[in-house]
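Encoded as structure tokens, the structure appears first; notes follow it.
The values are calculated or read from the model by the stated rules, or taken from the named source; none is laboratory data. Given the structure is predicted, the values throughout are model-derived calculations rather than measurements. Here the Cβ positions follow ideal geometry from the backbone for every residue, glycine too, while neighbour counts run over all protein chains shown.
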Amino acid sequence: MPLRYLLSFFLLFASISHAEDEINYHRLGWINKSDIQKLPLDQQPTINKACHGAWLTPISKKTPAADLTESPIEALAAWVYYNPEGSSRLNGNVKISQQGRLILADNAELAHDKSSGQFSGNILLAEAGTVITGEKARLNLSNQEAFIEQSEFVSTFLNAHGRAKQIQRDNNKVITMASGEFSTCEPDNRVWYFSAKDLRLDPNTGLGTIKNATLHIQNVPVLYVPYFKFPIDDRRMSGFLIPRFGTTNDGGFDFAQPIYWNIAPNYDATLTPRILSKRGVMAEGEFRYLTPHAGEGVIHAALLPSDNLYNNQDRKLASWQHKYRPSNWQLSSNVNYVSDSDYFTDLGVDLTQSSTSYQERSAEFNYWEKTWSALVRVQGFQTIDKLLEDKDKPYARLPQLLLNNQLELPYNIKGNILSELTHFQRTIDDNSSVEVNGLRWRFEPEMSYDYSRPWGGVKPSLGLRQLAYRLEGQNDSVTSINAATFNIDSHLIFERETENYLQTFEPRMLYRFSPYYQQDNLPNFDTASTTFSYAQLFRARRFSGGDRLEDANQLSLGFTSRWLHPTTSQEIIRASLGEIFYFRDRKVQLNSTDPIVTASTSGLASELSTQLTPDWSSSIDALWTESGDVSQFGLQAHYLPNTNTQLFNVGYSFRREVLALNQKALRQTNVSFVKPLDENWQMLGLWQYDLLNKETPELLLGLHYEACCWQMALYRREFLSDFNNTNANTRKRSAFFLEFSLKGLAGLSSGARDLLINRVFGYSQLK
């Protein structure tokens, strides 16, 4: 057997033998959970739910240490020999204290100024959040030098404990340990610990250096590391980050090892080699910068050359986000590129990402004062959806100029002036439509008066909307249109006290008028119909964007009723119901071919939310057509106890097909839950089911285990991708994820937590 293996084996065996020695952890400050509960509340340390105790040091980690030269030092002992011209001896129950510092020992020999000394027998040194014990020690309180033999230590800052044959601290506060051990586990259940021949902690640089280190799990050596560095505070340090691990049915084994590079205080980078067993070897990178005179930003890039599962094509991604904000102006950019529409589904590292149709590329200049603001924007898009026709692609803004001015007029009248000049451009290469580009001028002044009282209020407003176009591709035609608008919004508030609640009744009325002007010859650069809901009843516009001046002669009526807790004013129930009544047909539509809407009402819109108990909440929204049929319905119920240890969500969504609004039919259920099985085990799940297509768009099941010093999670995920594909079998994806971490060190991560935070209501609130 080679000599280097014999030496490694000897070191591992020696570590096992050393780990079996007894340590007096109670003297270091370990207290069981039952004993902690007997302490006064202000003295109880925070206990992790997976731990059976906690460290309680003589000096709290929040206690600042006094200046060594200014704060008095007290020395007590059972027997004292005082020598005014030399060293003094103290024997029996020696106690030396100073604000933020404490020394206990059996025997001590102190210099005449008490600034240094030698200690022996049952030594205990305590500072803020730290305890060190030993048998022999030399201390210099004036420069904080220390030398301790056969020591044991606890740090509540790191929630860690260990021991060392020798601990030495120099006058620069650099700590060196010889033959030491380190763990964040409970002292009576050390699932893992590190042993090292040499350990150096430098608070000046925020770095720790370890030599000849061995990781032990259940007293079994599993990893030998000859040398590595690690952070001991929040300062950045170059080195390996937490690896990513997973496996999918179409990509195979997926492993990525991020490497962090701290280039300078204002620059850093993360380089990530990534192995996908079925696709190839991939490289990912991120560069962050912060400059004093040019702002800050992030650059991302990724490359998978010759993807084996993608016709040997190169898969690429690049992005650049920048922001510079010196005072009352800001310069920003957002530039994105991706090689294909399947990139995020196949290679995205964030499980919440999916394939998108567009990648934005924009640059903006913003300037603002107290009453006005200005925007200059250049914006374009990379279209990555291969099935998208040119006529359905978004327009580029080259450029957009926007000015908004707010006016304070006499008699509490407020004014607002919006001005916009934008050049829109889109190329049509597939003959799907006539190519129309050009300039749009938009000018919208408005005045309003807000009369508000505790019992209600009224707000009339009068405005003018002007649109003007200079179009290319239509003989450079110039078109303009003007329309006045009038709105009056009013509401009342009624209250009554019941036996258990304070109930309100809040009727609201909005009248809108705007004349009709024929707009069939106007282009549509950025305008879309808004989604109808109860809130839409009281919005001033039917379209988003600036290319349509909607005609209106209508009255919105609705009410909201609230049930409030009489003392806390917490909202227990909120119910809203309303409808729009139209006094003429709506002739203005997005497209000239769209039919005129002749319905006399919008149909009812309603919302209901409840918080009947502290644990349960629910919400219901429903829309009805003019004929009384349900067009949309949604139900959500949430169970989240105030213990924040478990949750349960269930929901149902229904939507009728509306061809005029390009609205597809939907019937879908969703269930999600997190359920503790005991103190350590937790089960979680997420399930979405499409009732119309009889398929599961998303399924995630997992088991999570958390101990005091380590945790592990297993996830199984199935999901559908590429929704333009009608073949469900080719859309189905499956993946398996493993997460493992040793608290205080590192671990394996898959990104499943980000998925749960984004998809599961209340997950981010769990403890």
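Observations, loosely collected:
- Per this entry, Ala540 is counted among residues that are within 22 Å of Leu604 (Cβ to Cβ) and not in a strand (DSSP E or B).
- As for the range 516-524, it holds no residue that is farther than 27 Å from Arg655 by Cβ, of a type in the set (Phe, Trp, Tyr), surrounded by 18 or more Cβ atoms within 10 Å (Cβ to Cβ) and in contact with a strand residue (DSSP E or B) (Cβ under 7 Å, 6 or more places away or on another chain).
- Test: residue in the range 356-366 that is of a type in the set (Val, Ile, Thr) and either closer than 30 Å to Pro243 by Cβ or buried (at least 17 other Cβ atoms within 10 Å of the Cβ) (or both): yes
- Members of the range 265-283 that are surrounded by 17 or more Cβ atoms within 10 Å (Cβ to Cβ) and over 11 Å from Leu347 (Cα atoms): Asp268, Thr272, Gly280
- Residues in the range 462-495 that are of a type in the set (S, T, N, Q), exposed (fewer than 14 other Cβ atoms within 10 Å of the Cβ) and not in a strand (DSSP E or B): 2 in all.
- Total residues in the range 501-511, condition surrounded by 14 or more Cβ atoms within 10 Å (Cβ to Cβ), without any contact (Cβ under 8 Å) to a residue 60 or more places away in the chain and hydrophobic (A, V, I, L, M, F, W, C): 2
- Number of residues in the range 689-719 that are without any contact (Cβ under 8 Å) to a residue 60 or more places away in the chain and part of a loop (DSSP other than H, G, I, E, B) equals 4.
- Residue in the range 395-433 that is nearest to the chain's Cα centre (by Cα), counting only those that are in contact (Cβ under 8 Å) with a residue 60 or more places away in the chain and more than 13 Å from Glu444 (Cα to Cα): Tyr395
- Within the range 498-516, the residues that satisfy the criterion of being charged (D, E, K, R) and touching a Leu at 6+ places or on another chain (Cβ under 9 Å) are Glu506, Arg508, Arg512.
- All told, Pro399 falls short of being out of contact with any Lys or Arg (no Cβ under 7 Å at 6 or more places or on another chain) and either surrounded by 14 or more Cβ atoms within 10 Å (Cβ to Cβ) or aliphatic (A, V, I, L, M) (or both).
- Selected residue (criterion: modelled with the lowest pLDDT) from residues of the range 316-364 that are of a type in the set (D, E, K, R) and in a loop (DSSP other than H, G, I, E, B): Asp350
- Restricting the range 516-570 to residues that are among the β-branched types (Val, Ile, Thr) and in contact (Cβ under 8 Å) with a residue 24 or more places away in the chain, the residue that is nearest to Asp392 (Cα to Cα) is Thr527.
- Residue that is nearest to Thr625 (Cα to Cα), among those in the range 656-688 that are at pLDDT 90 or above, aliphatic (A, V, I, L, M) and in a strand (DSSP E or B): Leu666
- From the options Thr422, Thr427, residue that is at negative phi, out of contact with any Gly (no Cβ under 7 Å at 6 or more places or on another chain) and loosely packed, with under 15 Cβ neighbours inside 10 Å: Thr427
- Complete set of residues in the range 677-712 that are closer than 20 Å to Ile757 by Cβ, buried (at least 16 other Cβ atoms within 10 Å of the Cβ) and out of contact with any Phe, Trp or Tyr (no Cβ under 7 Å at 6 or more places or on another chain): Gln682, Leu686, Trp687, Gln688, His704, Glu706
- Any chance Glu579 is touching a Leu at 6+ places or on another chain (Cβ under 9 Å), free of Cβ contacts under 8 Å to residues at least 60 places away in the same chain and among the acidic types (Asp, Glu): yes
- Hits in the range 269-302 (condition: within 27 Å of Trp329 (Cβ to Cβ) and among the charged types (D, E, K, R)): Arg288, Glu296
To keep it simple, each residue is scored yes or no on (1) within 30 Å of Lys370 (Cα to Cα); (2) out of contact with any Lys or Arg (no Cβ under 9 Å at 6 or more places or on another chain); (3) of a type in the set (A, V, I, L, M, F, W, C).
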site	(1), (2), (3)
His300	no, yes, no
Pro305	no, no, no
Lys316	no, yes, no
Trp320	no, yes, yes
Arg325	yes, yes, no
Asn328	yes, yes, no
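- Single match in Ser97, Ser155, Ser88 (criterion: in the same structural domain as Asn48 (by TED's automatic domain parsing), over 14 Å from Ile59 (Cα atoms) and small (Gly, Ala, Ser)): Ser88
- Search result, residues across the range 496-515 that are of a type in the set (Val, Ile, Thr) and in a loop (DSSP other than H, G, I, E, B): Thr498
- Output for the range 217-232, where each listed residue is of a type in the set (A, V, I, L, M, F, W, C) and assigned to a strand (DSSP E or B): Ile217, Val220, Val222, Leu223, Val225, Phe228, Phe230
- Scan of the range 244-257 for residues that are within 24 Å of Asp342 (Cβ to Cβ) and not in a strand (DSSP E or B), ordered by number: Asn249, Asp250, Gly251
- For the criterion of being loosely packed, with under 15 Cβ neighbours inside 10 Å, over 26 Å from Arg539 (Cβ atoms), polar (S, T, N, Q) and modelled with pLDDT under 90, Thr498 passes.
- Single match in Ser618, Ser653, Ser631, Ser609 (criterion: at pLDDT 95 or above, touching a Leu at 6+ places or on another chain (Cβ under 7 Å) and either closer than 19 Å to Gln765 by Cβ or surrounded by 17 or more Cβ atoms within 10 Å (Cβ to Cβ) (or both)): Ser653
- Checked against (1) farther than 26 Å from Ser600 by Cβ; (2) in a strand (DSSP E or B), Pro523 meets all criteria but (2).
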